[in-house]
Amino acid sequence: MSANLIPILWESTLQTLYMVAISALLGTLGGLPLGVFLATSQRGELLSAPWVNKVLGLVVNAARSVPFIILVVAIIPFTRLVVGTSIGTNAAIVPLTLAAVPFIARLVENAIREVEAGLIEAARAMGATPMQIIRKVLIPEALPGITLGLTLAAVSLIGYSAMVGAVGGQGLGDLGIRYGYQRFMPEVMLAVVVILIVLVQLVQSLGEWIAARVDRRAARNRGH
Amino acid sequence: MTGTPPANAAIIFDKLGKSFAKAGSGQVMALQDVSLTVPTGSITGIIGRSGAGKSTLLRMVNGLERPTEGHVQVVGRDVGAARGSDLRAIRRDVGMIFQHFNLLASRTVWGNIALPLEIAGTPSGQIKARVDQLIDQVGLTAHRDRYPAEMSGGQKQRVGIARALATSPKVLLSDEATSALDPETTQTVLELLSQINRDLGLTILLITHEMAVLRDIASHMAVIEGGRIVESGPTYDVFAKPTHATTRSFLSGVTGATLPAFVAARMTTNRPDGPAQEVIRVTFAGQHATDPMLAMLATELGIAANILAGAIEEVGPHPFGNLLLSIDAPRAAEARAYLEQHGLTTEVLGYVR
């Protein structure tokens, strides 16, 4: 691999990290409250709103059914409306975020549902409001699960970000296709794959480390 | 208990009923026509088998369940009718402890006890002082920064008790609080509850399936069966003169008076022809529990009684005994009359040859 490819690889890595970080952040901002609501709004639950729950559930399922590559292309007009262009890393963040929100919402919902019903009952018996129960009981107790869920989402976003090259999204995946495949430079393809493997490993390890730090459910995790 | 003037009552259940809609087929009555008064400052225990409705009844007191009929009053306020902030205000006056503790795994001992105060909006300076005091009160000062996963069941229940006391409630509800603990730990937790009851004058309503818990700490008790209260009163009276079969069956587990298998197997309900022994249960209550009644039976009437099983123990502050005897059948009626005259209760269980 010639030395002049190194800067290109570096730049593409930064683009991928940028797209994944921003879309993971925005996806969490949208997915966390949505997930909490989905987990607490069935009939008889804290924020009992069965019809809203059903409709939101359908919307989330629909969003998750659309293959990502189709989502990217289908929402081009919306992307242009939001960021003014449909090309580049900023434009890629729009479909990445739209894919992340329902995915993260389901992961958060699952983590919240794992919290023992007895804890909610204890908090209700203390006279807690539904919002207090969510803030002081459900989210802190579900935090290890939420952290692992966000890790999974970030890893998936790294994969998705490789597809946004289709709309000029740049990043590592785009580089691999354009240089490695279209220009017959298998060493670029190999480098891209290795970098992606390293990135996924780093994200996964970081996520597991944080999850272990916040998990107080077993004595072995005593951190002091 | 029923008939106590309401001014003296911490909790009043008035003709309470609760039915649940059952999926597909109509309704299930969890509670029916339950009327019970819990005296202020008492430790009142409700005993019943699983599914008898005791858990539902307990949850009516802090509005975790709502009655479908009747009323529940806690320190003068109607819980069933309260909504929103009124209901939350009542809940801060009613502490609750649980069989499985229900502590937050994400919070330390200190943080768990602080939770109800945070929920009540107590200023942080006051929270600090109050939590430190509570940790001291339940003897967990050395464990304040530990997480529940690092503690034993007994320690966790102490945290649960401190947490329940944080907002200085007037009533403490205990949902099978010792059922997940070993016998020794159970004793220490029951002693702590008794001590809190004495020191703070706090009314405690507990549910259990263990008669020993009632024997050890309850001043008043009720027996629930199939969603109805079948017997209630001061614990000592119920132990001494149980009237319902369910109560007797619970009692047989704690009073040490079960027939040995070899006698039970040969026993018949009707007196057989020929020589036979009558098997009776004698319940000793109050001062008579310590009188040497069997010796007096022998010296005064010349009747010898065989002791088959028995135990003398304490129910609250009173001695309480239960003896199973066999007496020569022709003279058994005479013996029973003599024992009854001296304030004991007798019951014929059957006959053996």
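The criterion of being surrounded by fewer than 15 Cβ atoms within 10 Å (Cβ to Cβ) and either at pLDDT below 85 or closer than 23 Å to B:F262 by Cβ (or both) holds for B:I312. Checking each residue in segment A:38-60 for being farther than 18 Å from A:A117 by Cβ, surrounded by 14 or more Cβ atoms within 10 Å (Cβ to Cβ) and not β-branched (V, I, T) picks out A:A49, A:L56, A:G57. Considering each residue of segment A:124-139, count those that are in a helix (DSSP H, G or I) and either more than 7 Å from chain B (Cβ to nearest Cβ) or more than 13 Å from B:N102 (Cβ to Cβ) (or both), and give that number. Matching residues across segment A:124-139 total 9. Residue by residue through segment A:176-194, note down the ones that are more than 20 Å from A:V164 (Cβ to Cβ), open to solvent by 80 Å² or more (accessible area, probe 1.4 Å) and under 28 Å from the mean Cα position of the chain (by Cα). The answer is A:L190, and nothing else.
If the requirement is being touching a Gly at 6+ places or on another chain (Cβ under 8 Å), within 14 Å of another protein chain (Cβ to nearest Cβ), part of a helix (DSSP H, G or I) and open to solvent by less than 20 Å² (accessible area, probe 1.4 Å), which of these qualifies: B:A177, B:A164?
Details: B:A177 fails: part of a helix (DSSP H, G or I).
B:A164 is the lone residue from the list that is touching a Gly at 6+ places or on another chain (Cβ under 8 Å), within 14 Å of another protein chain (Cβ to nearest Cβ), part of a helix (DSSP H, G or I) and open to solvent by less than 20 Å² (accessible area, probe 1.4 Å).
Looking at the structure I just gave you, is B:R77 within 11 Å of chain A (Cβ to nearest Cβ) and open to solvent by 10 Å² or more (accessible area, probe 1.4 Å)?
Values: within 11 Å of chain A (Cβ to nearest Cβ): no; open to solvent by 10 Å² or more (accessible area, probe 1.4 Å): yes.
Against the criterion (within 11 Å of chain A (Cβ to nearest Cβ) and open to solvent by 10 Å² or more (accessible area, probe 1.4 Å)), B:R77 does not qualify.
Return yes when A:P95 is within 19 Å of A:V155 (Cβ to Cβ), away from chain B (no Cβ under 14 Å) and of a type outside the set (A, V, I, L, M, F, W, C) and no when it is not.
The answer is yes for A:P95.
How many of the residues making up segment A:140-172 are over 16 Å from the mean Cα position of the chain (by Cα) and within 14 Å of chain B (Cβ to nearest Cβ)?
Count: 3.
The set of residues from segment A:67-83 being without any contact (Cβ under 8 Å) to a residue 40 or more places away in the chain and open to solvent by 60 Å² or more (accessible area, probe 1.4 Å) comprises A:P67, A:I70, A:A74, A:P77, A:F78, A:R80, A:L81, A:V82.
Go over the candidates B:V131, B:V94, B:V138 one by one and state the one that is of a type in the set (A, V, I, L, M, F, W, C), open to solvent by less than 20 Å² (accessible area, probe 1.4 Å) and at the interface with chain A (Cβ under 9 Å from one of its Cβ atoms). Walk me through it before giving the result.
Details: B:V131 fails: at the interface with chain A (Cβ under 9 Å from one of its Cβ atoms); B:V138 fails: at the interface with chain A (Cβ under 9 Å from one of its Cβ atoms).
Step by step, each of B:V131, B:V94, B:V138 is checked, and only B:V94 is of a type in the set (A, V, I, L, M, F, W, C), open to solvent by less than 20 Å² (accessible area, probe 1.4 Å) and at the interface with chain A (Cβ under 9 Å from one of its Cβ atoms).
Exactly one residue out of A:A74, A:A105 is modelled with pLDDT of 95 or more and within 23 Å of A:S161 (Cβ to Cβ): that is A:A105.
Anything in segment B:149-161 that is open to solvent by 10 Å² or more (accessible area, probe 1.4 Å), within 13 Å of another protein chain (Cβ to nearest Cβ) and in contact with a helix residue (DSSP H, G or I) (Cβ under 7 Å, 6 or more places away or on another chain)? List them, or say none. Hits for segment B:149-161 are B:A149, B:E150, B:M151, B:Q155, B:K156.
The values are calculated or read from the model by the stated rules, or taken from the named source; none is laboratory data. The shown structure was predicted, so the numbers you read here are calculated from the model rather than taken from an experiment. Cβ atoms come from the backbone with ideal geometry, glycine included; neighbour counts cover every protein chain shown. Calculation scope for accessible area: heavy atoms of the full protein, side chains included, ligands and nucleic acids excluded. Shrake-Rupley method; radii C 1.70, N 1.55, O 1.52, S 1.80 Å.
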